[in-house]
1. Which of the residues that make up the range 37-64 are under 11 Å from the mean Cα position of the chain (by Cα) and basic (Lys, Arg)?
2. Any residue that is within 9 Å of the chain's Cα centre (by Cα) and not hydroxyl-bearing (Ser, Thr, Tyr) - is there at least one of those in the range 79-87?
3. List the helices (runs of 4 or more DSSP H) inside the range 8-92, counting only whole elements, that have at least 1 residues being surrounded by 15 or more Cβ atoms within 10 Å (Cβ to Cβ), in contact with a Pro (Cβ under 6 Å, 6 or more places away or on another chain) and of a type in the set (A, V, I, L, M, F, W, C).
Amino acid sequence: LAAQLRPDDPIVRHTYGLALVRAERASDASAQFTKAIELEPLFAPPYFYLGVLNEAYGLRDEALRSYRDFLARAAARDPLVADAQARVKRLE
């Protein structure tokens, strides 16, 4: 409902994407993360979760790109940074 009421809010799109991941609706989640990125390219979290989904789909290059995009935008204190760095290292 929030995504319908605020379709141009990247945080709402990201949160909806997380809910869709939990509901095991990966392709719908991917679309929400992509939309969040389109709406606010500097908002880092959707890049990480899009990377996770790409990795799960076996899309190595896309996953690497998403993780690197996340790392380029994330604050150094973001708790996902270490995970993203480890994922990049593993995929390289």
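Computed from the coordinates by the stated procedures, all read-outs in this text should not be read as laboratory data. What you are looking at is a predicted structure, and each value in this text was computed from that prediction instead of being measured. Neighbour counts run over all protein chains shown; Cβ positions are idealised from the backbone, glycine included.
1. Answer for the range 37-64, where residues must be under 11 Å from the mean Cα position of the chain (by Cα) and basic (Lys, Arg): there is none.
2. Looking only at the range 79-87, we keep the residues that are within 9 Å of the chain's Cα centre (by Cα), and these are none.
Checked the range 79-87: no residue is within 9 Å of the chain's Cα centre (by Cα) and not hydroxyl-bearing (Ser, Thr, Tyr).
3. Numbers: elements: 10-22, 26-39, 45-56, 60-73, 81-91.
Counting at least 1 such residues, we get 26-39.
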